[in-house]
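Report on the structure given below.
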Amino acid sequence: MDNIKRNGAGYYDPTAFQAIKNTEKGAKKTMEIYRGDIFYIKKINQDTGRPAVIVSNNDINESQNMVEVAYLVEKPNESLPTHAKVKCHLPSTALCEQVVSVSKDRIDGFIRTCTDEEIEKINKGLSISLGITESDDTMAEKLKELTDSLSEAQRINDGLRNRIKEEIDKQQELKQLSQPENTDEIIKVAAERDVYKDLYMKLTEKLIGDKI
């Protein structure tokens with residue numbers, strides 16, 4: 001650190017060092033930081049750090065000196081519904097139950113930006129951690145989708161019911177056509193048939209007998 005505070009001639013120059021630090025801070029403040037970006041976050045007063053994903057909204061990221069992050073680990077101690085799988089240099093997990101605020105001065109090297117699918121997982125983990133339920137608009141949209149599905153199912157059910165009724169009516173009609181409508185009429189017709197048959201047989205026998 002003392003070597004850094006010396007100027008090009010090798011003399012101790014804290015003023016120049018502070019100017020460099022101020023320049024670096026200015027660069028940090030103007031750095032473009034977006035939600036879903038993964039950066040190395042330096043530890044306080046240390047050069048080492050760990051990766052984290054930006055979870056604060058872009059208005060805060062642009063206007064404030066602090067941002068909110070969820071740190072990444074390669075292997076969490078336990079699996080929780082608040083964890084979100086993302087890719088860093090290696091497959092990692094965002095600990096959405098441990099969101100912290102960090103100064104932009106601690107933001108170091110950019111790693112990558114999360115995909116839409118990864119951000120969706122992060123949003124889900126944050127919602128579970130903070131106990132945030134779905135918005136009224138989302139619930140209304142899902143309710144509309146469910147209502148539309150039920151209406152379509154009812155339409156199909158009504159169509160099938162009508163087709164079944166039509167088929168039953170046709171079967172009843174065919175049954176009525178294949179069977180006489182009046183049993184008394186059947187008996188009367190059968191009796192008349194038998195009478196004419198008997199007369200025919202008697203007349204035939206008489207004619208044959210006369211010829212013999």
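Every read-out reported here was derived from the displayed coordinates using simple, explicitly stated rules and does not represent laboratory data. Just so you know, these numbers come straight off a predicted model, no measurement behind them. Cβ: placed from backbone, ideal geometry, glycine included. Neighbour counts: every protein chain shown.
Stretching the chain fully between residue 152 and residue 169 yields a gain of 3.5 nm (0.36 nm per residue, less the alpha carbon separation). The calculated FRET efficiency for the pair residue 120 and residue 47, based on their C-beta separation and a Förster distance of 30 Å, comes to about 0.30. Loop-located GluC sites (Glu not before Pro) in segment 43-119 (DSSP state other than H, G, I, E, B) with a sparse environment of at most 14 neighbouring Cβ atoms within 10 Å: 74, 78. Over all other residues within a Cβ to Cβ distance under 12 Å of residue 117, the charged ones net out to +1, with Lys and Arg as +1 and Asp and Glu as -1. Among the listed pairs 85/142; 43/121; 75/121; 75/124; 43/124, a Cα-Cα separation exceeding 22 Å is found for 85/142; 43/121; 43/124.
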